[in-house]
Every structure is written in structure tokens, then in C-alpha cells.
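Reading through the C-alpha cells given below for one structure.
Read the figures in this text as sums done on the coordinates, not as results from a lab. Since the structure is predicted, the reported quantities are computational estimates derived from the model, not experimental observations. Glycine also receives a Cβ, built like all others from the backbone with ideal geometry; neighbour counts cover every protein chain displayed.
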Amino acid sequence: MSKNDVRMRGFLRRTPVPTLLSRIDQHCPRLPPEAIPVTEACGRVLAKTVSAPGDVPHFNRAAMDGYAVRGEETFGASAYNPIPLQVVGQSLPGKPFAEEVSAGTAVRIMTGVPMPQGADAVLMAELAEEVGDSIQVTGAVPPEKHVSKVGEDVRSGDLLFREGRCLRPQDVGMLASVGIPEVAVVRKPTVELLITGSELLAPGAQPTGGQIVDSDSVMLHSLVKRDGGNLLGIRHLPDDREPLRQAMLDSTAEVVIVTGGTSVGLEDHGPTLLSELGELLVHGIPMRPAAPMGFGLMGERKVFLLPGNPVSCFCAYDCFGARALRLLGGRNPDWPYASQAVRLKTKISSQVGRIEYVRLRLDDNGAEVLASGGASILSSTTQADAFFLTEEGSEGVAAGETISVWRYD
């Protein structure tokens, strides 16, 4: 048994959580850019700052349905003193009026359509009464009234979005409006899930006998997508050394996530294999329920060893694996959860030297600790509204104190 083989010997030492986070940050630099169509860019992270290549709008356009007129010709118009103008045409979307609006004339116009030459204002339809091929103007409009000028939305050369921005639906709409066909975004990190456990059934199966249904892959699939990863595949493997070894060697993903087989049992092969095939940087941390997790490298490939128990798997990924994916993808490495200050209704107990991942239920009166907090009790997360991490040097938090929690929703 090698010195790196901790099976049936327990953890001789545990790596402090700040050290693990530092190593993840060190080995997960932002990936290089790729160019994609703007129509596919929502949710992606800009790799380069973008400026407007032209004005929006690039023509003076009507900001109201009505009539394109020469504004000064409407001065003095009222219901008691209507001014007649001859309607000489119409300007519609995709079919603008091509001639000039000369003195004494008007053109029927729709919102967003280019202003015809000669016209400098839009008379609202409510201020005009059609009489044959003319209108009676019953209210005045000054020049430039109800007209969107060139560059009113965006001027050529304006800074649109800075490098590192995660593009929202309205952002990609803006990029399209200025005529940008494609943008440079940070490439998504590729991920493969290796789910180990001879007792596991495929998701959707019914548990029977001593077998249980794999829930880890279902959770991780959604979490990887949330954190901007490109999931290449999910492989289910028995608790045997050779299949896991071959799967780790065969993977082409930039991030490999192994669940199960990460602790100190006889069939926990992940840590020793990672030591042999690459470098096991961390194995075991002072955090419950993620204590047996590991992190290391196989060349440039990042490998996370996550516990198989679902709450432990969820916690370890959310605290550490998710950070790696977001860093690689150019995203904010912090949790994508909103924080909230709440008053504790029940105390939180913690062991000095260990971080506790505490699940909480919230109501109008504060927060209470969920009693079922084991690593395999997945309902402790589904029934919880938020979570809280104790400090490693703390014995807990007394009831009545105010703490900052992270909301799951």
C-alpha cells in the first residue's frame, strides 16, 4: 500500500478550505475565446470589449403614428382654426415614402419608419381630421417633435459592453441592432461525469433490494449547465479500479468529475488513481458533509473527486467544482445565490476546526436549522430555503443572532 493510499487508514491530515480554493484559482485560468453568432450569445461571457460600429437609429425615424409634416406649417392650428394639408402618400415599414414633403403637404407615417425628406415633425393622428385627400390640422407640433434622431439610442463608437460581461437577452438584442453578426466569447469548459457505484441504478429506475437510484448525475447535469459548462457525457461505472482508471485516461474533457469512491474505503479507488495518473493536490478537507472530496490534475485536466452521498456531492460541487467551471468560463467565481440577513430562531452547533454546511428553513420570524442534516439526506436541501457555512474556528452561532445566509432560490 503506497503512502498516498489512505484506504482503511483514514485521513492523516486535511487541507484547509482556503488552501483548496487557492489551488483551484491557480489552476483554472480563463479559457481562450471563440467567435459565435450573436443569435447564440445569450448567457455567454464576452471575451472582448464591444463598441458600436454605427448609429442606432441610422436614420431619423417617426416616434409616433401620424403624419410627417413641416412643423412650422402647423403653428397656430387649433380646433377653431384648422390648417389644411394635402396628404400626398404614405410611409410604411419596409416601404418608406421616397419623395419630398413639400410646402402644404403631409405624408401618413407609422412608428419607426424613416422620416421623408422635407419633413421634420410627426403630427399625432389625434390632431388631424381626414377630409378626402387632405387633413385638417387641429394642433401645432414644433420641428423635431415625435422624431427619433440619428444616434438617439446609440452613437457610433459608443462602448456597449465590457469584456467579462455575461450577456443577457437585451444585450444580444442590442448587439443585433447595431449590426454585429458575431462576438468573441469565452469558450465553455468541457466536462465529463464519471459516476461510480456498483449499487447504482440509472436515473428513472425503481430502487430495489440493496440498489439505489443515481441522483448525483441528475443534479450535476443541471449544475454544470448553470455554471456554463459543456457536458460531454455521463458514464456510470462499477466500484472497480480498472474501469475507472480507463475512463479517467480516455476522457477528453477539461474537467472530470468523479462521484463516489473518494473516501477511505476498500473500493474508494479515485484518490490513488489520481495520484498515479497525475497529481492529487487535495484529499480531505475540514468541512462537513464534503470532507472526503479531492482535487488534482492530469496534465492540464482538472479532476474533482466528489463524495457519492448526494448532499455531500451537492455541497462539494457547489463550493468547489462550480468555482472551477465559472473561473474557466470567465464568470464570477462566487456563488450565484442571493444573500440575506436573517435572525436565528434555533442555535447552530459546530465543532472547532471544521466548517459546517447548515441547511435552514426561513419564515417571517427568522431561520431555523433543519434537524436532518446527514450527507445522504437529500430532503434536507429540498426542504431548506437557504444554507449557511460556519467558520472553521467557531463553536457555532447562538439563537437570536443575525447571520447572512445564501438562498437556494
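Compare the Cα positions of Ile355, His27, Gly229 along the charge dipole of the chain (+1 at Cβ of Lys, Arg; -1 at Cβ of Asp, Glu; about the Cα centre) and return the one farthest towards the positive end. The listed residue farthest towards the positive side: Ile355.
Sorting Thr111, Thr208 from the fewest to the most surrounding beta carbons within 10 angstrom yields Thr208, Thr111. Between Ala98 and Lys347, the modelled labels are 8.6 nm apart [label points 7 Å from Cα along Cα→Cβ]. Count the DSSP beta bridges whose two residues both fall in region 61-148, then state the antiparallel fraction as a percent rounded to the nearest 5. Close to 85 percent. What you get for region 61-148, charging only the Cβ of Lys and Arg (+1) and of Asp and Glu (-1), is a dipole of about 200 debye around the Cα centre.
In this Cβ point-charge picture (+1 for Lys and Arg, -1 for Asp and Glu), region 339-407 has a dipole of about 120 debye about its Cα centre. Of the two radii for region 61-148, the radius of gyration is 0.92 times the Kirkwood radius, both from the alpha carbons; that is the Rg over Rh value. Rounded to whole numbers, the Karplus 3J(HN,Hα) couplings from phi for region 271-278 are x, 5, 5, 5, 5, 6, 8, x Hz, using 6.51 cos²θ - 1.76 cosθ + 1.60 with θ = phi - 60°, and x at Gly and Pro. The stretch between Glu368 and Arg13 holds 124.5 nm of extra length on full extension. This uses 0.36 nm per residue minus the Cα-Cα distance. Direction-averaged projected area, Cα convex hull, the chain: 29.2 nm², rounded to one decimal. Once the C-beta distance of Thr402 and Asp65 is scaled by a Förster radius of 60 Å, the resulting FRET efficiency is 0.65 to the nearest 0.05.
Which residue fluctuates most in the GNM of the chain (Cα springs below 10 Å): Gln26, Gln117, Gln383? Highest fluctuation among the options: Gln117.
The percentage of C-alpha pairs in region 46-99 whose separation is greater than 17 Å is 60%. Under 25 Å of direct C-alpha separation, and excluding same-chain neighbours fewer than eight residues apart, Lys302 reaches these lysines: Lys3, Lys188, Lys225.
Rounded to the nearest 10 degrees, what's the angle between the helix 216-226 long axis and the longest principal axis of the chain, both from Cα atoms, 0 to 90? With rounding to tens, the tilt is 30 degrees. Extension gain, Thr111 to Met124, is 3.6 nm, computed as 0.36 nm per intervening residue step minus the present C-alpha separation. Simple rule: put +1 on each Lys or Arg Cβ and -1 on each Asp or Glu Cβ in the chain, find the dipole, and look at Ala341, Asn309, Ser78; the Cα lying farthest toward the positive end is Asn309. When Lys302, Lys345 are sorted by how many other C-beta atoms sit within 10 angstrom of their C-beta, beginning with the fewest, the order is Lys345, Lys302. Computed over region 1-124, the P(r) tail beyond 17 angstrom holds 74 percent of alpha carbon pairs. Residue ranges 224-232, 308-316 sort as 308-316, 224-232 when ordered by packing (mean number of other C-beta atoms within 10 Å per residue, highest first).
Taking other Cβ atoms within 10 Å as a rough exposure proxy, Arg13, Arg155 sort from fewest to most as Arg13, Arg155.
Above 20 Å lies some portion of the pair distances; for region 131-192, what is it as a whole percent of all C-alpha pairs? When every Cα pair of region 131-192 is considered, 56 percent fall beyond 20 Å. For the chain, a simple Cβ point-charge model (Lys and Arg +1, Asp and Glu -1, everything else neutral) yields a dipole of about 1420 debye relative to the Cα centre. Please give the net charge around Leu175, taking every other residue with its beta carbon less than 12 angstrom from that of Leu175, where Lys and Arg add +1 and Asp and Glu add -1. Here the charged neighbours net out to 0. For Gly164, the amide hydrogen comes within under 5 Å of the amide hydrogens of Leu46, Ala47, Lys48, counting only partners 5 or more places away or on other chains and with H modelled in the peptide plane. The Cβ shell under 10 Å around Ile195 holds other residues with a net charge of -1, Lys and Arg each +1, Asp and Glu each -1. Here is the size of region 339-407 from its Cα atoms: Rg then Dmax, 11.2, 32 Å.
Residues whose amide H falls under 5 Å from that of Ala128, counting only those 5 or more places apart or on a different chain, are Thr138, with hydrogens built in the peptide plane.
With θ taken as phi - 60° and the Karplus curve 6.51 cos²θ - 1.76 cosθ + 1.60 applied, the whole-hertz 3J(HN,Hα) list for region 43-58 is x, 8, 9, 5, 8, 9, 5, 10, 10, 6, x, x, 7, 9, x, 9 Hz, x standing for glycine and proline. Remark on Ala121: its backbone amide H falls under 5 Å from those of Val69, Gly71, Glu144, a criterion applied only to residues 5 or more positions apart or on other chains, H modelled at 1.01 Å from N.
If both residues of a DSSP beta bridge must be in the chain, then about 70% of such bridges are antiparallel. Taking a sphere under 13 Å around the Cβ of Leu378 and counting the other residues whose Cβ falls inside, with K and R at +1 and D and E at -1, yields a net charge of -1.
Placing unit charges on each Cβ (+1 for Lys and Arg, -1 for Asp and Glu) gives region 201-296 a dipole about its Cα centre, and among Leu280, Leu249, Val213 the Cα reaching farthest toward its positive end belongs to Val213.
Counted over region 1-151, the DSSP beta bridges are approximately 85% antiparallel.
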